[in-house]
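For reference, the structure discussed in these notes is given below.
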Amino acid sequence: QQNFNQQPMMQQAPVQQKQRPAGGGVHLKKGQKVALAGVGGAALQAIQVCLGWDVQNIACDLDASAFMLGADGRVIGDDWFVFYGQTTSPDGGVRHSGDSTNGAAMGDDEIIDINLATINPNIKKITFVVTINEALERGLNFSMVANAYVRVVDKSTGQELNRFQLTDYYAN
């Protein structure tokens with residue numbers, strides 16, 4: 001006899017490491033800040049912020065978002081929050097690739113393209129956030145994800161500038 005009041009079990013998947021983009025950029029530590037510059041210190045025109053991960057629990061859906069902040073450190077309006085449900089900023093300077101729900105891509109799973117030349121001058125900072133969709137409601141956390149990273153790439157050269165390994169710091 002089955003008890004229908006029980007929570008459904010989350011299905012565990014074996015971690016299948018995929019071929020991910022090679023590193024080469026500065027490996028950031030938690031809380032570290034760096035100035036971004038292109039090859040030889042040249043000004044960057046366009047960058048990509050890339051998120052990748054492997055799942056241990058198939059219910060985990062990681063999401064990358066960009067918050068475009070003004071001088072006061074706040075998002076300058078609802079349209080200036082870019083994520084899978086609102087993929088382009090009003091100025092067209094920030095574009096989200098869309099939602100990857102399972103981390104199954106061979107390379108980066110989600111990419112946010114930033115054209116620095118077209119960013120609204122009122123934007124003074126862009127903050128990137130990685131979350132697990134419905135984590136609290138579904139009892140999910142980063143211990144159910146492997147090899148999660150965020151990396152910043154010079155779009156013109158494809159060179160990785162920085163990388164942050166989320167799973168090095170967020171075990172749950």
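Things worth noting here:
- Taking segment 34-46 as the range and being open to solvent by 80 Å² or more (accessible area, probe 1.4 Å) and modelled with pLDDT of 80 or more as the test, the residues that pass are ALA43, GLN45.
- Selection count, segment 16-32, where residues are open to solvent by 60 Å² or more (accessible area, probe 1.4 Å) and either modelled with pLDDT under 70 or within 28 Å of LEU140 (Cα to Cα) (or both): 10
- Filter pass, ASN122 being more than 16 Å from the chain's Cα centre (by Cα), at pLDDT 85 or above and open to solvent by 50 Å² or more (accessible area, probe 1.4 Å): yes
- Unmet requirement for MET68, which otherwise passes all of (1) outside any loop (DSSP other than H, G, I, E, B); (2) over 13 Å from the mean Cα position of the chain (by Cα); (3) surrounded by fewer than 15 Cβ atoms within 10 Å (Cβ to Cβ): (3)
- Scope segment 86-119; condition in a loop (DSSP other than H, G, I, E, B) and at pLDDT 90 or above; matching residues: THR87, SER89, PRO90, ASP91, GLY92, GLY93, ILE119
The values are calculated or read from the model by the stated rules, or taken from the named source; none is laboratory data. Only a predicted model underlies this, so the values are computations on that prediction, with no experimental measurement involved. Please note: Cβ atoms are built from the backbone with ideal geometry, for glycine as well, and neighbour counts cover all protein chains shown. These accessible areas exclude ligands, DNA and RNA; they are computed on the full protein's heavy atoms, side chains included. Shrake-Rupley method; radii C 1.70, N 1.55, O 1.52, S 1.80 Å.
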